[in-house]
1. Could you give the nm distance between label points at S93 and T179, where each point is 7 Å from its Cα heading toward the beta carbon?
2. Need the full-extension length gain, A213 to A42, defined as separation in residues times 0.36 nm minus the C-alpha distance. One decimal, nm.
3. For A2, enumerate residues with amide H under 5 Å from its amide H, sequence gap 5+ or separate chain, H modeled in the peptide plane.
4. Step through the residues of the range 130-141 one at a time and calculate ³J(HN,Hα) from phi using the Karplus curve (6.51 cos²θ - 1.76 cosθ + 1.60, θ = phi - 60°), rounding each to whole Hz and writing x for Gly and Pro.
5. Label-point separation (nm) for V80 and E118, each offset 7 Å from Cα along Cα-to-Cβ?
6. Using the Karplus curve 6.51 cos²θ - 1.76 cosθ + 1.60 with θ = phi - 60°, work out ³J(HN,Hα) for each residue of the range 155-171 in order, rounded to whole Hz, and write x for Gly and Pro.
7. Putting +1 on Lys and Arg Cβ atoms and -1 on Asp and Glu Cβ atoms, find which of L203, A191, S157 reaches farthest to the positive end of the dipole of the range 140-204.
8. In whole Hz and in residue order, list the ³J(HN,Hα) couplings for the range 46-58 that follow from phi through the Karplus curve 6.51 cos²θ - 1.76 cosθ + 1.60, θ = phi - 60°; x for Gly and Pro.
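Where a number appears in this text, it was derived from the coordinates with a stated rule and is not lab data. Predicted model, so just to flag it, every value in this text is computed and none were measured. As a convention, Cβ positions derive from the backbone with ideal geometry for all residues, glycine included, and neighbour counts pool all protein chains shown.
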Amino acid sequence: MARRPDAAPRRGGPRRPAGDTPAPAGGKAAPAGGPAARRDIASDPDLVLLGEFGRAHGLAGEVRVKSYTGDPEAIGRYGVLTGADGRAVEILSLRPATGIPDILIARVKGVSGRTGAESLNRLALYAPRERLGAPEDEDEFLTADLVGLAVHDRDGSRVGTVRAVPNYGGGDLLDIVSTAGASALLPFTRAFVPEVDIAGRRLTIDPPEDLFAPARPEPDTDPD
């Protein structure tokens, strides 16, 4: 879960990650389909985006996966997942990738070589919403629900898209990619994010004016 407090919590404050206690998984994912199936899955309100496969890792069939769950390894605890193309995906094991908290190395049922792992690249992974615990109050949101939301300013203008919801110990952040391709981190608080419309797939922010301004160069302190 991602929580939206009135103000940014102190560094090291509590966070309730999504996926600690998933509901029991049941049933099988839908069979593979074509482009129409991909569109239906991506827009299905009963499915939640949990992550996306990346490039193959090594020669033994392992593959990188970017997790959108609050606890990255929770993506492996929801049973059989549904790929964006409709295929059933069962993650057999996960281990962290070096130095990147939300990137994991996965072993997938039925994938035993590099070619099979490469075929998973860019495949989005979904789980039935019923398997995820419901938020307990109006300021708690499934982390995966926030990823992909359109970001608008107070005037209603589209300014970007939520790419991820990281937390480095000081509270949840929105990693926003602007319409021009710049990126920035915004604290996920009521002050900066006054409106969240999950059903409408958008949120409203009240950011500082320099949110997407390029970083200032470091002053030259080297002696002549």
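1. 4.8
2. Gain on extension, A213 to A42, equals 58.4 nm.
3. So A2 has HN proximity to F141, L142, T143.
4. 5, 7, 9, x, 6, x, 8, 8, 5, 9, 10, 9
5. 2.8
6. 7, x, 7, 6, 10, x, 9, 6, 8, 6, 10, x, 9, 9, x, x, x
7. So the residue furthest toward the plus end is S157.
8. In residue order, the calculated couplings are 8, 10, 10, 6, 9, x, 8, 6, x, 6, 5, 10, x Hz.
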